[in-house]
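A short worksheet on the structure shown next.
The values are calculated or read from the model by the stated rules, or taken from the named source; none is laboratory data. The shown structure was predicted, so the numbers you read here are calculated from the model rather than taken from an experiment. When we count neighbours, we look across all protein chains shown, and the Cβ atoms used for this are built from the backbone with ideal geometry, even at glycine. Side chains are part of the model used for accessible areas, which takes the heavy atoms of the whole protein and leaves out ligands, DNA and RNA. Shrake-Rupley method; radii C 1.70, N 1.55, O 1.52, S 1.80 Å.
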Amino acid sequence: MTTHPNSTVTALTAGVQNLMQEVAQQSFPTRTLYVVATPIGNIADISLRALYCLNLVDVIACEDTRNTAQLMTRYGLHKPLIAAHQHNEREVAEKIVQRLQAGERVALVSDAGTPGVSDPGAKIVDAVRAAGLPISPLPGASAAISALSVSGFIQDQFYFVGFLASKSGQRERQLQPLLTLPATLIFYEAPHRIIETTEALLAAFGPQREIVFARELSKLFEEIARCRLGEAMAWLAADKHREKGEYVILLAGAAQADEAKDHEAQRILSILLESCSVKQAAQLAAQITGQKKNALYELALTLKSSNDEEK
């Protein structure tokens with residue numbers, strides 16, 4: 001039996017009203033900075049406590065006043081907004097401290113998700129804490145955690161990297177310490193750099209490491225795909241729309257000793273392929289590393305193909 005959408009809305013409306021009454025009985029002290037998570041795409045992904053708090057505070061510090069004004073309008077809320085972005089964060093932090101000391105409640109939001117996570121906010125929180133004033137988090141949407149939850153990677157640990165450097169040399173230096181980490185690696189990336197970044201990950205981690213692309217999370221064209229890095233460029237090329245939309249990228253963590261051996265074999269093969277045939281490179285690498293020649297031959301073919309495409 002299918003439940004009619006209207007009846008679902010009616011039932012939920014009554015439940016939400018009851019919950020909002022409970023929220024109204026909770027404590028929201030003055031002189032407090034409230035760090036409020038907002039949706040990463042879907043307008044409905046916000047907590048009732050966050051909505052109540054945004055309606056209660058005296059002012060909202062936000063990354064972009066235009067974006068936050070639109071968000072507030074969607075919820076039927078109207079509050080004074082002050083811009084708090086990466087270029088003025090220290091200056092705004094002082095003003096927020098002054099407002100809190102005067103007895104106000106201040107909310108801190110970013111354009112999407114949780115403030116201070118690859119978004120402005122950390123300097124403001126640091127200044128408020130240094131002033132001895134209370135800070136209260138209102139948890140909610142996080143693109144990194146959302147992507148991790150559907151990755152299927154079974155490592156107990158994860159390492160949040162965020163955005164990689166745009167320059168290739170700096171990016172390579174960022175990636176080097178991550179090669180042998182046993183934790184799932186989490187990156188953010190903009191659509192216009194997704195090809196370049198995927199190529200960099202392939203060059204650094206090799207074709208066998210598994211990758212998850214989480215594109216446009218919680219939005220209409222959400223897409224989540226898992227494959228090996230050696231297949232990643234083909235997946236991106238299969239649909240031109242995949243060069244659009246914000247990405248969370250996850251890489252499986254290194255498999256400890258085995259992964260280190262594979263990376264060393266890849267490094268040796270890359271050197272040998274500069275002067276040897278695929279067959280000769282595989283034979284020599286097998287003698288050096290003690291690994292099976294057939295597996296090294298397959299890896300050498302992949303590396304040679306990747307090198308030929310780059311040329």
Quick check: residue separation of Thr8 and Lys219 times 0.36 nm, minus the Cα distance between them. What number comes out in nm?
73.8 nm
For a paramagnetic label modelled at 7 Å from the Cα of Ile154 toward its Cβ, which residues of segment 169-204 fall within the zone defined by backbone nitrogen distances under 15 Å?
184
Over the chain, what is the mean sequence separation of C-alpha contacts under 8 Å (at least six apart), divided by residue count, expressed as relative contact order in percent?
15
What value, in deg cm²/dmol to 500, does the helix sum -39500 (n - 2.57) over DSSP H runs of n ≥ 4 give at 222 nm once divided by the residues of the chain?
-14500 deg cm²/dmol
Using a 1.4 Å probe on the protein heavy atoms, what percent of the accessible area of the chain belongs to carbon and sulfur?
51
Mind sorting out which of (i) 35, 27, 16; (ii) 26, 23, 21; (iii) 47, 23, 16 is the real semi-axes √(5λ) of the Cα gyration tensor in Å computed from the coordinates?
(iii)
Per the rule of 0.36 nm per residue minus the C-alpha distance, extending Leu19 to Ile135 adds in nm 39.4 nm
The alpha-carbon center of segment 1-71 and that of segment 91-127 are separated, in whole Å, by 19
Protein chains only, probe 1.4 Å: how do Lys261, Lys304 rank by accessible area, largest first?
Lys261, Lys304
Approximate spin-label separation Ser277-Ala295, in nm, with each point projected 7 Å along Cα-to-Cβ
2.5
Shape call for segment 24-118 from the C-alpha gyration tensor, a ≥ b ≥ c root eigenvalues: rounded (a/c under 1.5), prolate (a/b greater than b/c) or oblate?
oblate
1.4 Å probe accessible area per residue over segment 156-254, in Å²
48
